[in-house]
């Protein structure tokens, strides 16, 4: 597994995963649903949303919205 750490307030790590095609298709649909005029959501954006919302649901929390 490869990880990259970045400096700054928001430290992040790179995570690479493989999904079956049906999950990728769902991520693509979610990305299309998240997209707005002038702002195209990517598959990575959709995955981030799904992970944050899913983890919040598992932990019984409401996800925090940015912006």
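The values are calculated or read from the model by the stated rules, or taken from the named source; none is laboratory data. Just so it is clear, the structure is predicted and the values come from calculations on it, not from any experiment. Here Cβ is always computed from backbone atoms with ideal geometry, including for glycine, and neighbour counts include all displayed protein chains.
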Test residue 41 against the stated conditions and say whether it is on the phi < 0 side of the Ramachandran plot, part of a loop (DSSP other than H, G, I, E, B), at pLDDT 95 or above and touching a helix residue (DSSP H, G or I) at 6+ places or on another chain (Cβ under 6 Å). yes
Within the range 14-32, can you find the residues that are surrounded by 10 or more Cβ atoms within 10 Å (Cβ to Cβ) and within 18 Å of residue 54 (Cβ to Cβ)? 15, 19, 23, 24, 25, 26, 27, 28, 29, 30, 31
